[in-house]
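Colleague: Right, I'll just put the structure down here and ask away after.
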Amino acid sequence: MSAPVVPGYGRSTLADLLPSLAAHLGVPGAQDVLGLPDAERYLVVLVDGLGAAQLATYAAEAPFLAAGAGRTITSGVPSTTATSITSLGTGLAPGRHGIAGYAFWYPEAQRVLQTLRWPPDINGLDVQPQLTAFERLERAGVRTAAIAPAFFAGTGLTTAALRGPSFLPVHDETDAARRVALAGQAVTAGPRTLGYFYERQLDHAGHEHGVGSGPWLAQLATVDALVARLRDELGDDVVIVVTGDHGMVNVPRANRVVVEDEPELLADVTALAGEGRLRQLMTRHPDAVAARWRDRLGEQAWVRRRQEAVEEGWFGEVSPRLAGRFGDVLVAMADDGAVMTRTLPKELRLVGMHGSLTAEEMTVPLILA
């Protein structure tokens, strides 16, 4: 059984990217642990679903990105969008920002919080009240802006993860010219600037059709052309940093464990959170539940009680106030399987998935364009 990829928080993760750039932009106390080039204007391009392994395998479809590939960093755990963009946006490991997955147990409300369908009665600032990296940059006089789909403005997750920058809405994600123009506006808004540019279609293609499928390859080529256009049209004084929030694994239907078909797995489980590649189980009997899942999955999964995962460094330093948001038992798939539930029927239709600690999911490129 291979070992999980445990993030090097403070050295080589998404949480270290904005603080490293902030060191060059004059933010007091910030340190560049990633060794990034000095500049006064940066554009961070986050390509949702762009893993380093996938880019290497399909480099022919993305020649511009592949030419700059070589360096990598990792996401945090879980390797999923909500956790990753909060680590990026706050400069904090998951154990300190508390966005513990796509869906995680929120003790204050005694329910599972689904971050991409954020409920209106829960305030993002209450869930994640610490200063974001953008807020620190703004306080230091750096102009920041986010270029993202218009309907993300003011959502709970945006409030929790990305507070601070001016929001430049994208109404048509296929309008590359407009998106590039917005990026240009972001990086010229002041003498020192940092723009955040979010691209999500590759992730959607992977979920729906799978990594390496025709639609996924076409979208990878589109992303490559978009980044090349950003480089062509932005000034030479702008450093473009391209990365991803996670990679992706195709999950065959034969390798899916559906918990309703094996009800003994849910014995003593009071809530099921996370996602197919990393399920988080809430229970008052973590030892018994963990043993039961280990017996069932064997080398297919890394099954850990919360304290074991914390001691191994999965989430970085975990604030005692936030510990209860992480599963009492964590089931992280080590192969190409998934743990599914019929209570989330949309998940059953996914082809590509992510969330676990395999190299394919955890490792993302760090490209300087």
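The values are calculated or read from the model by the stated rules, or taken from the named source; none is laboratory data. Quick caveat, the model's predicted, so the values are computed rather than measured. Calculation scope for accessible area: heavy atoms of the full protein, side chains included, ligands and nucleic acids excluded. Shrake-Rupley method; radii C 1.70, N 1.55, O 1.52, S 1.80 Å.
Colleague: Could you work out what % of the accessible surface of region 187-343 is carbon and sulfur, using a 1.4 angstrom probe and leaving DNA, RNA and ligands out of the count?
Modeller: 48 percent
Colleague: Cα centroid distance between region 24-38 and region 103-162, in Å?
Modeller: When both Cα centres are located, 24 Å separates them.
Colleague: Can I ask one more? Treat region 286-369 as a sphere of radius equal to its Kirkwood radius over Cα pairs and apply Stokes-Einstein at 10 °C in a medium of 1.306 mPa s; give the translational diffusion coefficient in µm²/s, rounded to a whole number.
Modeller: Once the numbers are plugged in, D ends up at 108 µm²/s.
Colleague: Just round it to a whole percent: the fraction of Cα-Cα distances in region 200-324 exceeding 25 Å.
Modeller: More than 25 Å apart: 49 percent of the Cα pairs in region 200-324.
Colleague: Then there is this: Find the accessible area per residue for the chain; the probe is 1.4 Å, ligands and nucleic acids are left out, and the unit is Å².
Modeller: It amounts to 38 Å² per residue over the chain.
Colleague: Binning every alpha carbon pair distance of region 151-199 at 5 Å from zero, what are the percents per bin?
Modeller: Percent of pairs per bin, in order: 4, 19, 28, 24, 18, 7, 0.
Colleague: Relative contact order for the chain using alpha-carbon pairs under 8 Å, separation at least 6, rounded to a whole percent?
Modeller: 28 percent
Colleague: A further question follows. Can you tell me the relative contact order of region 236-292? Whole percent, Cα pairs under 8 Å, sequence separation 6 or more.
Modeller: Taking the mean separation of contacting Cα pairs over the length of region 236-292, I get 22 percent.
Colleague: Roll a 1.4 Å probe over the protein heavy atoms and report the accessible area of Thr83 in Å², nearest 10.
Modeller: Approximately 0 Å² for this residue.
Colleague: In cubic angstrom, how much convex hull volume per residue do the alpha carbon atoms of region 1-65 span?
Modeller: 120 Å³
Colleague: Across every pair of different alpha-carbon atoms, what Kirkwood hydrodynamic radius in Å does region 251-306 reach?
Modeller: 11.8 Å
Colleague: When only alpha-carbon atoms count, how far does region 119-241 stretch along each of its three principal axes, as whole angstroms with the largest first?
Modeller: 43, 41, 22
Colleague: I'm checking a number: the convex hull volume of the Cα atoms of region 8-167, normalised per residue, in Å³. What is it?
Modeller: Dividing the Cα hull volume of region 8-167 by its residue count gives 125 Å³.
Colleague: Additional query: Let's test this: bin the Cα-Cα distances of the chain at 20 Å from zero up to the farthest pair and state each bin's percent.
Modeller: Once binned at 20 Å, the Cα pair distances of the chain give 31, 59, 10, 0.
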